[in-house]
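Below is one structure, written out as structure tokens; comments come after it.
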Amino acid sequence: MTSTSAKFRIALVGCGQMANTWVEYAQAREDAEIVALVDLNEATAQALAVKHHLNAVPIFSQVSEAIAETGANLVFDVTIPEAHEAVTLAALNAGCDVFGEKPLAAGMDPARRMVAAAAQSGRTYAVMQNRRYLPQMHALRGLVNGEIGTPGFITANFFIGAHFGGFRDLMDSPLLLDMAIHTFDQARFILGANPVSVYCQEFNPPGSWYAGGAAAVCIFEFEGGQVFSYNGSWCAEGAPTSWEAEWRVMGSAGTAIWDGTSAPYADVVADSQQQGFLRDFWRVEAGTLLNGPGPEGHFGCLDEMFAALTEQRRPETDCTDNIRSLGMVFGAVESARRGLKVLL
């Protein structure tokens, strides 16, 4: 068994391109050490080891063997979605906490099994939702919660012509299954609420290079009566939005706007007693709200995960919460295929 004084002994499972960010984060922490690399392709793991000077770290093909041989107590799951269940269940069964890439699982049934296994084991399983950790997102949520009254209608537009090639071009629902979870999770984060139903129409516009539906319109109703409208396309040529989408949140006293790139702002009713056809508004800039909780993106989300373990609490993106965002994805897919409103 590998001997290390690090508090967090990490087995990294899945050594492809995305793993680089996870390795860089771990190497920046004084209380963490990568003690095992796991990949079905040994050459892939060796390449990652060489790139990040992990040449002394043993390589395994199975996560259970890696944990047993090295004494790992934390697993980074950076595998493909279809492998998340097997990796997570093996890690939890071996007494490890798990931090995994999105999505939580490749379907709702495995997701429920994983959440139940985490609860039964008493360990943590948290899911990467890096867009929650953008300063503009926190600023937008601050405007929504503090300036525009009661939010009732939220819209997100996502239009990018992404020529990936490879597996995405062949997926049945590439936009909904591979990308929309980010925007759906953002909506939950902004509103601080959960959805109760969805109606979705998925389609493939003329000129699409995808085999499956690369565009979708979704209408979600949230538990407080708020309505969230999502309009998206991954084959929209020209005038692209940000990858973070374009947002408009309308409340009882004003509207908050974020283009997905620059600082958000809000137009707020200046005088609720004003008479006339249209009211006057005053502009509220994001200002100090742009001072987010800390590091951005992956590093910010991982900071929160590690802090939760240290403080013995559930992380913000714990599986018990994140399964609700995943439910939005598969609820939308089900609605599109059945042509019906689906309860979540």
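The values are calculated or read from the model by the stated rules, or taken from the named source; none is laboratory data. Given the structure is predicted, the values throughout are model-derived calculations rather than measurements. Ideal geometry is used to build each Cβ from the backbone, glycine not excepted, and the neighbour counts take in all protein chains shown.
Structure notes:
- Being on the phi > 0 side of the Ramachandran plot, at pLDDT below 95 and in a loop (DSSP other than H, G, I, E, B) is true of G276.
- Residue within region 127-134 that is in contact with a strand residue (DSSP E or B) (Cβ under 8 Å, 6 or more places away or on another chain) and closer than 22 Å to M305 by Cα present: yes
- Residue within region 249-256 that is part of a loop (DSSP other than H, G, I, E, B), in the same structural domain as G165 (by TED's automatic domain parsing) and touching a residue at least 40 places away in the same chain (Cβ under 8 Å) present: yes
- Candidate set from region 33-53 (those that are among the β-branched types (V, I, T) and in contact (Cβ under 8 Å) with a residue 12 or more places away in the chain); member that is surrounded by the fewest Cβ atoms within 10 Å (Cβ to Cβ): T44
- Enumeration of residues in region 165-180 that are without any contact (Cβ under 8 Å) to a residue 24 or more places away in the chain and part of a helix (DSSP H, G or I): G166, F167, D178
- Sole residue being closer than 24 Å to E101 by Cβ and in contact with a Leu (Cβ under 6 Å, 6 or more places away or on another chain), chosen from L302, L309, L326: L326
- Any chance V63 is under 23 Å from the mean Cα position of the chain (by Cα) and either closer than 27 Å to D172 by Cβ or surrounded by 15 or more Cβ atoms within 10 Å (Cβ to Cβ) (or both): no
- Candidate set from region 4-27 (those that are without any contact (Cβ under 8 Å) to a residue 40 or more places away in the chain and not hydroxyl-bearing (S, T, Y)); member that is surrounded by the fewest Cβ atoms within 10 Å (Cβ to Cβ): Q17
- Restricted to strands (runs of 3 or more DSSP E) entirely inside region 49-164, those with at least 3 residues that are at negative phi and aromatic (F, W, Y) are 151-159.
- E30, sole failed condition from (1) surrounded by 15 or more Cβ atoms within 10 Å (Cβ to Cβ); (2) part of a loop (DSSP other than H, G, I, E, B): (1)
- Within region 305-328, restricting attention to residues that are surrounded by fewer than 18 Cβ atoms within 10 Å (Cβ to Cβ) and outside any helix (DSSP H, G or I), the residue that is farthest from the chain's Cα centre (by Cα) is Q312.
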